[in-house]
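Colleague: Take a look at the following structure, please.
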Amino acid sequence: MEEKQIIRLIAMDRIDVTLSSLDNKLRKQRSNLAEEVAEDVGKQSEFVGKRTYARTDVKDKRLARGMKVAIEEFEKEFPLYGKILRKKIAEKRDLREEHLYFGTRDSSRIAGQDYLEVLTDLGISEHQAHMMYPLVIEASRKIQQARNNQERSAIVGKYVQN
């Protein structure tokens with residue numbers, strides 16, 4: 001095994017954490033703003049501006065019954081089997097997870113080139129990766145500081161035990 005693999009894993013993890021954090025924040029903000037705009041647009045059915053437009057539309061869909069509702073209906077129709085089903089669902093099963101723990105040693109850093117390689121491997125051009133790097137690394141450092149440089153882990157295996 002080479003240390004380069006662990007360095008690459010750490011760089012991938014830090015980029016993933018950073019982009020996921022930004023993604024989650026962006027999704028929440030977008031969802032809140034979309035609800036607000038939809039409420040305003042709904043009052044006038046549509047909006048047409050100089051550069052944008054917006055409209056609301058309601059669609060009826062038929063969805064599959066949820067598991068909880070299906071079990072409740074099954075239990076009403078077949079009480080004896082419903083009890084057996086609930087008992088089976090309530091039974092616990094043992095699960096063994098194998099984790100890989102990784103991190104950097106005190107006073108060690110991951111080089112910028114390692115981050116750039118991960119970004120280019122994602123299909124981002126070298127030029128774009130160089131442009132993104134300062135933003136990604138700054139956000140990553142803030143997250144790392146907030147977490148006190150905690151050791152990170154990844155699940156590498158799950159095994160059901162009887």
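Colleague: So which of L33, L19 ends up being surrounded by 10 or more Cβ atoms within 10 Å (Cβ to Cβ), out of contact with any Gly (no Cβ under 7 Å at 6 or more places or on another chain) and under 30 Å from Y101 (Cα atoms)?
Modeller: Within the list L33, L19, the selection yields L19.
Colleague: Confirm whether K83 is charged (D, E, K, R), within 30 Å of I155 (Cα to Cα), modelled with pLDDT of 90 or more and surrounded by 10 or more Cβ atoms within 10 Å (Cβ to Cβ).
Modeller: Working: charged (D, E, K, R): yes; within 30 Å of I155 (Cα to Cα): no; modelled with pLDDT of 90 or more: yes; surrounded by 10 or more Cβ atoms within 10 Å (Cβ to Cβ): yes.
No; evaluated as a whole, the condition is false for this residue.
Colleague: Has the stretch 5-12 got at least one residue that is at pLDDT 90 or above, closer than 29 Å to L135 by Cα, part of a helix (DSSP H, G or I) and not aliphatic (A, V, I, L, M)?
Modeller: Yes, because at least one residue in the stretch 5-12 is at pLDDT 90 or above, closer than 29 Å to L135 by Cα, part of a helix (DSSP H, G or I) and not aliphatic (A, V, I, L, M).
Colleague: Report, by residue number, each residue of the stretch 28-72 that is of a type outside the set (V, I, T) and under 30 Å from I89 (Cβ atoms).
Modeller: Across the stretch 28-72, the qualifying residues are K61, R62, L63, A64, R65, G66, M67, K68, A70, E72.
Colleague: Another one. Being surrounded by 10 or more Cβ atoms within 10 Å (Cβ to Cβ), within 21 Å of the chain's Cα centre (by Cα) and without any contact (Cβ under 8 Å) to a residue 12 or more places away in the chain is the filter; apply it to the stretch 121-145 and report the residue that is nearest to E2 (Cα to Cα).
Modeller: Here the residue is D121.
Colleague: Is the stretch 14-28 home to any residue that is assigned to a helix (DSSP H, G or I), touching a strand residue (DSSP E or B) at 6+ places or on another chain (Cβ under 6 Å) and acidic (D, E)?
Modeller: no
Colleague: So E97 ticks every box in (1) touching a helix residue (DSSP H, G or I) at 6+ places or on another chain (Cβ under 7 Å); (2) closer than 30 Å to N148 by Cβ; (3) acidic (D, E) but one. Which box is left unticked?
Modeller: (1)
Colleague: Still on this model: What is the residue count in the stretch 146-162 for residues that are surrounded by 10 or more Cβ atoms within 10 Å (Cβ to Cβ), touching a residue at least 12 places away in the same chain (Cβ under 8 Å) and either farther than 15 Å from I15 by Cα or out of contact with any helix residue (DSSP H, G or I) (no Cβ under 8 Å at 6 or more places or on another chain) (or both)?
Modeller: Of the residues in the stretch 146-162, 2 are surrounded by 10 or more Cβ atoms within 10 Å (Cβ to Cβ), touching a residue at least 12 places away in the same chain (Cβ under 8 Å) and either farther than 15 Å from I15 by Cα or out of contact with any helix residue (DSSP H, G or I) (no Cβ under 8 Å at 6 or more places or on another chain) (or both).
Colleague: Output the residues belonging to the stretch 49-68 that are surrounded by 10 or more Cβ atoms within 10 Å (Cβ to Cβ) and either part of a helix (DSSP H, G or I) or among the β-branched types (V, I, T) (or both).
Modeller: Selection gives T56 alone.
Colleague: In this structure, is I89 of a type outside the set (G, A, S), surrounded by 10 or more Cβ atoms within 10 Å (Cβ to Cβ) and either closer than 26 Å to Q161 by Cα or touching a residue at least 24 places away in the same chain (Cβ under 8 Å) (or both)?
Modeller: Values: of a type outside the set (G, A, S): yes; surrounded by 10 or more Cβ atoms within 10 Å (Cβ to Cβ): no; either closer than 26 Å to Q161 by Cα or touching a residue at least 24 places away in the same chain (Cβ under 8 Å) (or both): yes.
Considered against the rule, which asks whether it is of a type outside the set (G, A, S), surrounded by 10 or more Cβ atoms within 10 Å (Cβ to Cβ) and either closer than 26 Å to Q161 by Cα or touching a residue at least 24 places away in the same chain (Cβ under 8 Å) (or both), I89 comes out as no.
Colleague: May I pose another question? If I filter the stretch 89-98 for residues that are more than 16 Å from R8 (Cα to Cα) and in a helix (DSSP H, G or I), do I get at least one hit?
Modeller: Yes, because at least one residue in the stretch 89-98 is more than 16 Å from R8 (Cα to Cα) and in a helix (DSSP H, G or I).
The values are calculated or read from the model by the stated rules, or taken from the named source; none is laboratory data. Just so it is clear, the model here is predicted, and its values are computed rather than measured. Positions of Cβ are backbone-derived with ideal geometry, glycine not excepted, and every protein chain shown enters the neighbour counts.
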